[in-house]
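Right, one structure below, let's go through it.
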Amino acid sequence: MICPRCRCTEATTVAHSPVAGVWEMYSCPTCWYAWRSTEPATATDPDLYHPQFRINADDIAAAPRIV
Amino acid sequence: MQPPFDDLRGFLTALDTAKQLLRIDRPVALEPDLGAAGRAVANQDGKTAPALLFENIDGFDDARIALNVHGSWANHALMLGMPPTSTVKEQFFELEQRWQKFPVPVDRRSDAPWQEITLSQDINLFELLPVFRLNPGDAGPYIDKAAVITRDSADPNNFGKQNVGLYRMQVKGPDHLGLQSGPPHDFGIHIHAAEGMHEGLPVAIAIGNDPILTLAASTPLEYDQSEYEMAGAWRGGVPYPVVTAPYTGLDVPWGSEIVLEGEVLYQAREYEGPFGEFTGSYSGGRALPVVKVHRVHRRRNPIFEHLYLGQPWTEIDYLLALNTSVPLYRQLKQEFPEVEAVNAMYTHGLLNIISTRVRHGGFARVVAMRLLTTPHGIGYSKIVIVVDDTVDPFNLEQVMWAMTANVNPEFDAITIPRMYEIPLDPTGNPQGITTRLIIDATTPKPPDVRGEFGIPVTAYPETADWERLLKEMTR
């Protein structure tokens, strides 16, 4: 599955709604973006994801260590 | 239900009785309904906005969400057992007076409601907790109003050094969290201590607590001062109830709705964020510590408490208002008894207003300089305004009057370059470094002789009687 934020292809399904069939949750093991199947397309669709919040491998490597 | 409250449920009942709680039983989507409702309630009148309790969450059959529990002056007053119409200044002095009871030893109990259900395997936080994306650009769901409890690995039996703090946590995977802390925070000290010993850091995360514990956990106490013993003081001297968590041995609140236990992984740092922060803008992505969750304890039908963040004011501004102001006041008062009150309510104290009697010319800026060197001021006090004792620092109309009537920018705006500050301030250049600004809005006194300041207009003493009368007549 493609991560909407960093376009890594290794995102997986990580959860199902306790009431069956309402939603699924996905998580990206590269940038740790997580999203729910029922969210607006700007959160779930790699082509429609918010441009200002997109990141890539360079952004992740350059993230400052705070503590 | 009478204060002090031992748990969140008790306080929600009190809010309900005072008509300060809205129960929402219609079905709500985790996104975007919860974040939208959090913003909407923050847009209401800050004197009277209610808490919200969502009881019908899409996809869950055993979950509830509380928002805006601290999010108005009425709720803040009810937390303290005061009338909901109490002024900000009255609540400030009530907290200051109760602080004098600190420390109050804890009430140790053997069992707790959150021990009802325990999970030690197949933990999936996305399915156990109704976590949700708060703002559109957040990296994922967060836990942002939980008490995070850790010990100093170099001094593990020191109860005062056990820390209870609020830190944002990104839910990244089923049993996997990212946690933000800066180096000066107690958590930052604890993780350095643990890593210095080449080990991970045991952690307990208590979600859904009584309001006083959350207030104490977000107060800038000294490193070895116990938040639990401060909670006892703010409960009017009633000891705070705690229970030992079984996996980590940490002391956690008796009344929590949900308790997670786990470990901050040794030397692990991962990409975290962005997250819409209390500054009103998104933090950037950072490499932050990682928590692995090993146990989940919870009540039946637990209440997941969350806090909306966005452009101020939002709930966090009420939560961090007086518990930031009072310790700064106490620290200043020790050396300058002339100080009357301190308002550090703006963006967690990035701006502060000090009201003080003025000993001599140049005095106000000395008091402001002292504020910059307090533990909280070192990281936060970017702008300090000083006004005369006749100005109520919680009354912004009066403060603006003092700024207009007393400030000559040539003399009264003092800047100090290249000072440390918290990296979350978006103006930092570079991140974590800023110029500090002191604005002396007190009336100049000799030997600082300048301007043509006339005799201040003072009212008849009978004004106080008329204030009381008018207040009674308008009730």
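Would you check if B:Asp122 is among the charged types (D, E, K, R) and within 14 Å of chain A (Cβ to nearest Cβ)?
yes
Mind checking whether some residue in the stretch B:436-458 is out of contact with any His (no Cβ under 8 Å at 6 or more places or on another chain), over 24 Å from B:His185 (Cα atoms) and assigned to a helix (DSSP H, G or I)?
no
Between a residue in the stretch B:117-134 that is free of Cβ contacts under 8 Å to residues at least 60 places away in the same chain and within 21 Å of B:Thr248 (Cα to Cα) and any residue that is in a loop (DSSP other than H, G, I, E, B) and of a type outside the set (S, T, N, Q), which pairs come within a Cβ distance under 8 Å, given they are 6 or more apart or on different chains?
From the stretch B:117-134, the pairs are B:Asn124/B:Pro174; B:Asn124/B:Asp175.
Only one residue in B:Asp61, B:Asp45 is within 14 Å of another protein chain (Cβ to nearest Cβ) and either at pLDDT below 95 or not in a helix (DSSP H, G or I) (or both), so which one is that?
Every option except B:Asp61 fails the conditions.
(1) more than 20 Å from B:Glu277 (Cα to Cα); (2) more than 9 Å from chain A (Cβ to nearest Cβ); (3) of a type outside the set (Lys, Arg): which one isn't true of B:Asp144, the others all being true?
(1)
Per-residue answers, yes or no, for (1) within 28 Å of B:Glu94 (Cα to Cα); (2) in a strand (DSSP E or B); (3) within 19 Å of the chain's Cα centre (by Cα):
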| position | (1), (2), (3) |
| --- | --- |
| B:Ala216 | yes, no, yes |
| B:Glu222 | yes, no, yes |
| B:Tyr228 | yes, no, yes |
| B:Gly232 | yes, no, yes |
| B:Thr248 | no, no, no |
| B:Gly255 | yes, no, no |
| B:Gly262 | no, yes, no |
| B:Ala268 | no, yes, no |
| B:Tyr271 | no, yes, no |
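Could you list, in sequence order, the residues of the stretch B:162-202 that are facing chain A (nearest Cβ under 10 Å) and small (Gly, Ala, Ser)?
Matches in the stretch B:162-202: B:Gly173, B:Gly178, B:Ser181, B:Gly182, B:Gly188.
Enumerate the pairs (first residue in the stretch A:54-67 and touching a residue at least 40 places away in the same chain (Cβ under 8 Å) and facing chain B (nearest Cβ under 7 Å); second residue anywhere and in a loop (DSSP other than H, G, I, E, B) and of a type in the set (Lys, Arg)) with beta-carbon separation below 7 Å, excluding pairs fewer than 6 apart on the same chain, so at least 6 apart or on different chains.
Pairs found: A:Ile55/A:Arg5.
Within the group B:Ile149, B:Ile117, which residue is surrounded by fewer than 19 Cβ atoms within 10 Å (Cβ to Cβ) and among the aliphatic types (A, V, I, L, M)?
Checking each option against the conditions leaves just B:Ile117.
Which of the residues that make up the stretch A:10-28 are surrounded by fewer than 16 Cβ atoms within 10 Å (Cβ to Cβ) and more than 7 Å from chain B (Cβ to nearest Cβ)?
Listed by number, the residues that qualify are A:Glu10, A:Thr12, A:Thr13, A:Ala20, A:Gly21.
Which number in (1) touching a residue at least 24 places away in the same chain (Cβ under 8 Å); (2) over 18 Å from the mean Cα position of the chain (by Cα) marks the one condition that B:Val88 misses?
Unmet condition: (2).
Among the residues of the stretch B:406-428, which ones are modelled with pLDDT under 95 and either touching a Cys at 6+ places or on another chain (Cβ under 7 Å) or not β-branched (Val, Ile, Thr) (or both)?
B:Tyr420, B:Glu421, B:Pro423, B:Leu424, B:Asp425, B:Pro426, B:Gly428
Examine the stretch B:353-362 for a residue that is more than 25 Å from B:His76 (Cα to Cα) and either touching a Leu at 6+ places or on another chain (Cβ under 6 Å) or surrounded by 19 or more Cβ atoms within 10 Å (Cβ to Cβ) (or both), and state whether such a residue exists.
yes
What are the residue pairs meeting all of these: first residue in the stretch B:279-291, first residue in a loop (DSSP other than H, G, I, E, B), second residue surrounded by 21 or more Cβ atoms within 10 Å (Cβ to Cβ) and aromatic (Phe, Trp, Tyr), Cβ atoms under 9 Å, and 6 or more apart or on different chains?
The qualifying pairs are B:Ser283/B:Phe275; B:Gly285/B:Tyr271.
Please pick out the residue among B:Leu320, B:Leu332 that is touching a residue at least 12 places away in the same chain (Cβ under 8 Å) and either under 21 Å from B:Leu134 (Cβ atoms) or surrounded by fewer than 20 Cβ atoms within 10 Å (Cβ to Cβ) (or both).
Within the list B:Leu320, B:Leu332, the selection yields B:Leu320.
Which of the residues that make up the stretch B:260-281 are away from every other protein chain (no Cβ under 14 Å) and β-branched (Val, Ile, Thr)?
Within the stretch B:260-281, B:Thr279 is the sole residue that qualifies.
How many residues are of a type in the set (A, V, I, L, M), over 19 Å from the mean Cα position of the chain (by Cα) and buried (at least 20 other Cβ atoms within 10 Å of the Cβ) if we restrict to the stretch B:177-203?
Number satisfying all stated conditions: 5.
In the stretch A:29-45, what residues are out of contact with any Asp or Glu (no Cβ under 9 Å at 6 or more places or on another chain), among the hydroxyl-bearing types (Ser, Thr, Tyr), touching a residue at least 12 places away in the same chain (Cβ under 8 Å) and facing chain B (nearest Cβ under 8 Å)?
Within the stretch A:29-45, A:Tyr33 is the sole residue that qualifies.
Return only the number of the condition from (1) loosely packed, with under 14 Cβ neighbours inside 10 Å; (2) more than 17 Å from B:Leu288 (Cα to Cα); (3) more than 9 Å from every other protein chain (Cβ to nearest Cβ) that A:Ile2 does not satisfy.
Just one mismatch for A:Ile2, condition (1).
I'm checking my understanding of the structure. Among residues of the stretch B:4-34 that are in contact with a strand residue (DSSP E or B) (Cβ under 9 Å, 6 or more places away or on another chain) and within 14 Å of chain A (Cβ to nearest Cβ), which one is surrounded by the fewest Cβ atoms within 10 Å (Cβ to Cβ)?
Across the stretch B:4-34, the extreme among qualifying residues is B:Pro27.
From the list B:Tyr308, B:Tyr266, which residue is touching a residue at least 24 places away in the same chain (Cβ under 8 Å) and surrounded by fewer than 24 Cβ atoms within 10 Å (Cβ to Cβ)?
Sole residue among the options that is touching a residue at least 24 places away in the same chain (Cβ under 8 Å) and surrounded by fewer than 24 Cβ atoms within 10 Å (Cβ to Cβ): B:Tyr266.
Looking at the stretch B:395-448, which of its residues are on the phi > 0 side of the Ramachandran plot and under 24 Å from the mean Cα position of the chain (by Cα)?
Selection gives B:Gly432 alone.
The values are calculated or read from the model by the stated rules, or taken from the named source; none is laboratory data. Quick caveat, the model's predicted, so the values are computed rather than measured. Using ideal geometry, Cβ is built from the backbone for each residue, glycine included, and neighbour counts are taken over all protein chains shown.
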